[in-house]
Amino acid sequence: MKRRAGPDGMHFFDRRTGLNVLFDEVDVPETQWARAPRQVSIALTNACDLACPFCYAPKTAAVLDADRLCAWIDELDAEGCLGIGFGGGEPTLYRRLPQVSRHAAERTSLAVTMTTHAHRLTPQLIDALAGALNFVRVSVDGVGATYEEQRGRPFTELVQRLTCIGQTFRFGLNCVVNTQTLPDLDAVADLAASTGATELLLLPERPASGRPGSSPHTVAALHQWITNYPGPVALTLGEGDTGSLPTAQPFPRERGLRTYAHIDAAGTLRRTSYHSAGEPVDDRGVLAALDRLQQKDVA
Ligand code: SF4
């Protein structure tokens, strides 16, 4: 298990099972707190072969250098980060995805996850990634014709991919929630349960590409659906999307850049992928960029 010291106590994390144990009675001096964020998402490339109407990924061409990326991964691991999440664009279009994932799996104790549309996860690529990814998040926005309208790919092909993915990886579904996908939530939850997904992440659509994002009415309907949800698959929501729903806050004292940061495909560190302000990660490394970003916010 990996150990992380912080303002809330001593945190142990098992990347194989996803088990978290926090000893909050342990008072850790500030000088010993982990310096890296608990979780870092990394956009490997801006390239994508789909054209989803709600996509907020940057459309400028950018891709991370694999050797620099491996050095950043090592640094994050050494500084107490628990997990990295590969995304994009579409991470399966990143040529060195298997090598970089394997580096993280074999040379560090970080949990490695990936968010993908799954249509390029062939049996060959699944074999190349087996044992190197701890969790796979598959974007599934609605079912049947709704999915095909949002993603422009055959829904039957997606279901076949989910079956293959489930034979090798622990996985969850990500669902963008908007007026089109809201009526399909029951069916998406059924799909998650029937394919063996362990988690359903619900993502109200963000304003992007001239679209306004989910309306307050849609978000209220989503919260109502969550309140009435009887299914077996765990539901998750982003930190800013919970509204008045009752949620647990396991790390109340660990905030901001200590919890999460994002590195985009141009190598810029940001608070999240939605934030425009950032600091380039240069030869001084990720933690130095993190410090500069933090100072910028204070100034
Ligand atoms: S699959 Fe993801 S990155 Fe690609 S267009 Fe859709 S939302 Fe954007």
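The values are calculated or read from the model by the stated rules, or taken from the named source; none is laboratory data. The model shown is predicted, which means the values in this text are computed figures rather than measured ones. Counting neighbours? That spans all protein chains shown, and the Cβs are built from the backbone with ideal geometry, glycine included. We work out accessible area using only protein heavy atoms, side chains counted, and drop any ligands, DNA or RNA first. Shrake-Rupley method; radii C 1.70, N 1.55, O 1.52, S 1.80 Å.
This table checks each residue for (1) surrounded by fewer than 21 Cβ atoms within 10 Å (Cβ to Cβ); (2) within 14 Å of the ligand (Cβ to nearest atom); (3) over 19 Å from the mean Cα position of the chain (by Cα).
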{"site": "162", "(1), (2), (3)": "no, no, no"}
{"site": "183", "(1), (2), (3)": "yes, no, yes"}
{"site": "193", "(1), (2), (3)": "yes, no, yes"}
{"site": "198", "(1), (2), (3)": "yes, no, no"}
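Starting from residues that are open to solvent by less than 50 Å² (accessible area, probe 1.4 Å), in a loop (DSSP other than H, G, I, E, B) and within 13 Å of the ligand (Cβ to nearest atom), keep the ones in region 131-153 and report whichever is farthest from residue 180 (Cα to Cα). Once the filter is applied, the top-ranked residue is 140. Among residues that are surrounded by fewer than 18 Cβ atoms within 10 Å (Cβ to Cβ) and within 28 Å of residue 251 (Cβ to Cβ), residue 74 is included.
Of the residues contained in region 166-178, one or more are found to be farther than 18 Å from residue 234 by Cβ and free of Cβ contacts under 8 Å to residues at least 60 places away in the same chain. Screening region 57-71 for residues that are under 27 Å from residue 177 (Cα atoms) and either modelled with pLDDT of 95 or more or surrounded by 15 or more Cβ atoms within 10 Å (Cβ to Cβ) (or both) and picking the one that is farthest from the ligand (Cβ to nearest atom) gives 58.
Within region 77-88, being open to solvent by 20 Å² or more (accessible area, probe 1.4 Å) and either in contact with a strand residue (DSSP E or B) (Cβ under 9 Å, 6 or more places away or on another chain) or near the ligand (Cβ under 9 Å from one of its atoms) (or both) holds for 77, 88. Residue 173 falls short of the stated requirement of being crowded, with 16+ Cβ neighbours inside 10 Å, closer than 19 Å to residue 190 by Cβ and either within 13 Å of the ligand (Cβ to nearest atom) or basic (Lys, Arg) (or both). Figure legend. Inter-residue proximity from region 18-39: first residues of a type in the set (Val, Ile, Thr), second residues open to solvent by 60 Å² or more (accessible area, probe 1.4 Å) and part of a loop (DSSP other than H, G, I, E, B), beta-carbon distance below 8 Å, spacing 6+ or different chains. Indicated pairs: 21/1.
For the criterion of being more than 16 Å from the ligand (Cβ to nearest atom), closer than 24 Å to residue 259 by Cβ, over 20 Å from the mean Cα position of the chain (by Cα) and among the basic types (Lys, Arg), residue 35 passes.
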